[in-house]
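**Q** Below: one structure in structure tokens.
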Amino acid sequence: MTFSVHGLAVSRGIAIGRAVLVASSRVDVAHYFIKPDEVDAEIARVRAGRDAVVEEIYRLQTSISRMGPKEAPTELAALLDVHLMLLQDEELVGGVKHWITDRLYNAEWALTTQLEIIARHFDEMEDAYLRERKADMEQICERVLRAMKGGQSPVLPAQRPGRKGAQQDLLLDDTVDVPLVLIAHDLSPADMLQFKQSVFAGFITDVGGKTSHTAIVARSMDIPAVVGARTCSQLVRQDDWVIIDGDAGVVIVDPSPIILAEYGFKQRQGELERGRLQRLLHTPAVTMDDEKIQLLANIEMPEDAQAALKAGALGVGLFRSEFLFMGRHGQLPDEEEQYRAYKKAVEGMEGLPVTIRTVDVGADKPLDESVHDDAHLNPALGLRAIRWSLAEPAMFLTQLRAILRAAAHGKVRLLIPMLAHASEIRQTLAHIERARAQLDRRGDVYGPVQLGAMIEIPAAALSLPLFLKYFDFLSIGTNDLIQYTLAIDRADESVAHLYDPLHPAVLRLVADTIAECRAQGKDVSVCGEMAGDVTLTRLLLGLGLRSFSMHPAQILAVKQEILRSDTTKLALWAQRVRTAEDPALELAGGYV
Ligand code: PEP
Ligand code: MG
């Protein structure tokens, strides 16, 4: 039966594929595709894991048979029998075999997928006793997983091997070549980064806001995604056909052939439109009144420099270096590793400037997904970004040295996130000096850097003279600026409707920052998600912005808006929008 689920549209386009449900508690279980000739070995691996658990249970049974009823209650023996029985369960064994043989899932993925399906069957049972067996099933699967540990375990799918003779027809195809869409309750930004190299055609998560970092990474991958879809991961079943409408924020499950055809058409239209935009690749971003606009790229990993160049970016406006630090189980990258990564990005940009932001972990970007910041009541207001760097001087100095050394290979701009206080600015500058002195003592080569600050806390936007005194350029992080101005957690879908880039207070802070920088002759750009939103391009131009930094995939669409704009007409209109009671209404009215 067809039904739809509504969430937040975070990444454009239409994806049609079969659902792959990833249980969030198990996202750290390896998920990858095996080759067709590895099927037998993979089945043997699960079998070995299962046999080990059976052995373990036999041993337990023998030892409790020697105990008295006080040490080993009879229920325990009965429970072990149940576990033995569940290990032979046909649905479990057959299902695991199916996912490995027909879908080429690795053993752990196959096991957790089948567990998820069986768990749902248990949930639907009337009989309370049987319903409770779900926990037993989960326990034995966890034990099998543990028993299998120690073998190879890449974290996520790299490439999906094709199979000879696979059919391409979406409706008929039941082979490994069917597009897959990933559905999870939640995915950390680090998970998303892993998925970046993977095969999924789209993403859906139950939680998350439009500018949560998970959504940002989805957008950078340029594949359709919906977040904040509430209970979607519970409503969809493994392998269901799913349509993601990333423009409308809608997920359609089990679509009828008519709906499928309609969305197939929309999907092709979208592809055509993208193809058309490609024609603008070599056209300079200049407005109708001859204002040159700088379009820069936001990247997460050094390899993304390629996509930035391919999209015609004039540089990197934001390299979120924290993605090098996440999901490393406490093993932070050392100076050499960081230096190589920054150098790769710098060289990858072939002489164009690269703005490297120092690490911004914390809030919805934990270092490790297993270490959720429950210790602090409001992690978004806690020890994140520069606050964390200043609290970990050895780590900070290591990063600064690596960035300064990379600056010997090209134009580097050093960007500091989340500053608010003069004392933080002074400490940061002192650390940069210390890092230079350390490099001098070591006799290492390093290059000059321009120094910039992010304006993403209202206090910073209201203290511009301080920032302009110390920094060469400013970059407005609208994602956080909106979060902190409106007191809306950007990762919380329950308040997503209040997260408003067009709130007059936000517009005022953005407009004043741009105006003040221009008056002082300092470079200013916007690197938050507002910069890549084509519905806001004209407004930002009208407010005086001449430098936009966004995901490479958004550059051509924004350029198209720029080519159609005349800034001489936009300035007055933008002031009207900025001072309106309801700027969204004024904006919708257009500028003529
Ligand atoms: C921002 O806050 O707008 C920004 C660009 O930084 P991040 O999204 O990484 O917090
Ligand atoms: Mg930010």
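The values are calculated or read from the model by the stated rules, or taken from the named source; none is laboratory data. Keep in mind that what you see is a predicted model, and the values were worked out from it rather than measured. Backbone-built Cβ (ideal geometry, glycine too); neighbour counts: all protein chains shown. Note: areas computed on protein heavy atoms with side chains; ligands, DNA, RNA excluded. Shrake-Rupley method; radii C 1.70, N 1.55, O 1.52, S 1.80 Å.
**Q** Given a cut-off of under 8 Å on Cα pairs at least six residues apart, what relative contact order in percent is computed for region 36-148?
**A** Relative contact order of region 36-148: 37 percent.
**Q** From the protein chains alone at 1.4 Å, what is the descending order of accessible area for Ile258, Ile223, largest first?
**A** Ile258, Ile223
**Q** For His121, His329, give me the order by solvent-accessible area with a 1.4 Å probe, most accessible first, ignoring ligands, DNA and RNA.
**A** Ranking His121, His329 by accessible area, largest first, yields His329, His121.
**Q** Can I ask one more? Just to check I understand the Karplus step: with θ = phi - 60° and J = 6.51 cos²θ - 1.76 cosθ + 1.60, what whole-Hz values come out for region 456-468, glycine and proline as x?
**A** So the J values, rounded to whole Hz, are 9, 10, x, 4, 6, 5, 8, 10, 4, x, 4, 5, 5.
**Q** Excluding Leu130 itself, what net charge comes from residues whose Cβ is under 14 Å from its Cβ, given Lys and Arg +1 and Asp and Glu -1?
**A** Charge balance in the 14 Å sphere: -4.
**Q** Would you calculate, for the chain, the mean residue ellipticity at 222 nm contributed by helices, counting each DSSP H stretch of 4 or more residues as -39,500 (n - 2.57) and dividing by all residues, to the nearest 500?
**A** -14000 deg cm²/dmol
**Q** Follow-up question, since we're still on this one. Using Cα-Cα distances under 8 Å and only pairs 6 or more residues apart, what relative contact order does the chain have, in percent?
**A** 15 percent
**Q** A follow-up question, please. For a quick check of understanding: with a 1.4 angstrom probe and all protein chains in place, what accessible area in square angstrom does Lys569 have, to the nearest ten?
**A** 120 Å²
**Q** In Å², and per residue, what accessible area does the chain have when probed at 1.4 Å with the other protein chains present?
**A** Averaged over the residues of the chain, the accessible area is 44 Å².
**Q** Under 5 Å between amide H atoms, partner at least 5 residues away or on a different chain: which partners does Gly208 have, H built in plane at 1.01 Å?
**A** Here Gly228, Glu493 satisfy the definition.
**Q** In percent, what relative contact order does region 281-588 have, based on Cα pairs under 8 Å that are 6 or more apart in sequence?
**A** 19 percent
**Q** Based on DSSP, what percent of beta bridges with both residues in the chain are antiparallel, to the nearest 5?
**A** 35 percent
**Q** When the accessible area of the chain is computed with all protein chains present and a 1.4 Å probe, what percentage of it is carbon and sulfur?
**A** 54 percent
**Q** Determine which aspartates and glutamates satisfy two conditions relative to Lys292: a Cα distance under 15 Å, and not lying fewer than 8 residues away in the same chain.
**A** Partners within reach: Asp523, Glu561, Asp566.
**Q** Still on this structure: With a cut-off of at most 16 other beta carbons within 10 Å, and DSSP calling the residue loop, which GluC sites (Glu not before Pro) in region 526-592 qualify? Please list them.
**A** Loop-located and lightly packed - Glu581.
**Q** What whole-number value in cubic angstrom gives the convex hull volume per residue for the C-alpha atoms of region 281-588?
**A** Taking only Cα atoms, region 281-588 has a hull volume of 128 Å³ per residue.
**Q** From the cross-link list Lys343/Lys569; Lys522/Lys559; Lys365/Lys469; Lys411/Lys469, which pairs have alpha carbons spaced over 32 Å apart?
**A** Among Lys343/Lys569; Lys522/Lys559; Lys365/Lys469; Lys411/Lys469, the Cα-Cα distance tops 32 Å for Lys343/Lys569.
**Q** Here is a follow-up. Run the reach check for Lys35 against aspartates and glutamates, Cα to Cα strictly under 18 Å, same-chain hits fewer than 8 apart removed. What comes back?
**A** By straight Cα distance, Lys35 reaches Asp102, Glu108, Asp174, Asp177.
**Q** Something else: May I ask you to evaluate 6.51 cos²θ - 1.76 cosθ + 1.60, the Karplus curve with θ = phi - 60°, for each residue of region 569-585 and list the ³J(HN,Hα) values in order in whole Hz, giving x for glycine and proline?
**A** These are the phi-based 3J(HN,Hα) values: 8, 7, 4, 5, 4, 4, 5, 5, 4, 4, 9, 6, 5, 10, x, 4, 5 Hz.
**Q** I want the local charge near Val10. Using Cβ-Cβ distances under 12 Å, sum +1 for each Lys or Arg and -1 for each Asp or Glu among the other residues.
**A** Residues near Val10 contribute -2 overall.
**Q** May I pose another question? Residue by residue, what Karplus-based ³J(HN,Hα) values in Hz, rounded to whole numbers, does region 32-41 have, using 6.51, -1.76 and 1.60 with θ = phi - 60° and x for Gly and Pro?
**A** 8, 8, 8, 8, x, 7, 9, 4, 4, 5
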